[in-house]
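Structure first, then comments.
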Amino acid sequence: MKILFTIFFLFLSASVLAECISGDCDNGYGTYIWGNGSKYAGEWKNNLMDGQGTLTDSNGGKYVGGYKNDLRHGLGFVTFGIGEWEGDKYLGEYKNDLFHGRGTYIFSGGQVITSIFKNGELVSEN
């Protein structure tokens, strides 16, 4: 019983901490923060990130660019936070949250690749 109560409390706490802290997070411009510390400031449409915005995640990553239906879409710039790609950067086009179109990937060690991507996969290097 104690375990069920703990799980319920953690679930309730995370959802209580997730909220629109300023502006209009339904249809307009607003800032939303999640229970894990991730924060989005930007345009909203039908309660979804849609338009231009900035998402800073709880791992130190940051994305600035276009969104459509809660997915990265259009031109954007990302700096990856903690994890396998920590410190890497990408500037380019997105479609449905994947690299798609022309983009430049900059590795944390300094190597730069300008490429064409399709559905998240490298198609050709320039």
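Bear in mind that the values in this text are calculations on the coordinates, not laboratory data. Here the structure is a predicted model, which is why all the values come from computation and not from measurement. So basically every Cβ, Gly included, is an ideal-geometry build from the backbone, and we count neighbours across all protein chains shown.
Worth pointing out:
- Fraction of alpha-carbon pairs over 22 Å apart in the chain - percent: 45 percent
- Across region 67-126, counting alpha-carbon atoms alone, Rg and Dmax equal 11.2, 34 Å.
- Straight Cα distances below 25 angstrom link residue 118 to the lysines 62, 68, 89, 95, with same-chain residues fewer than 8 positions distant left out.
- Nearest 10 degrees, 0 to 90: helix 2-17 Cα axis against the chain principal axis: 60 degrees
- Residue 24-residue 104 FRET efficiency (beta carbon distance; Förster radius 30 Å; 0.05 resolution): 0.35
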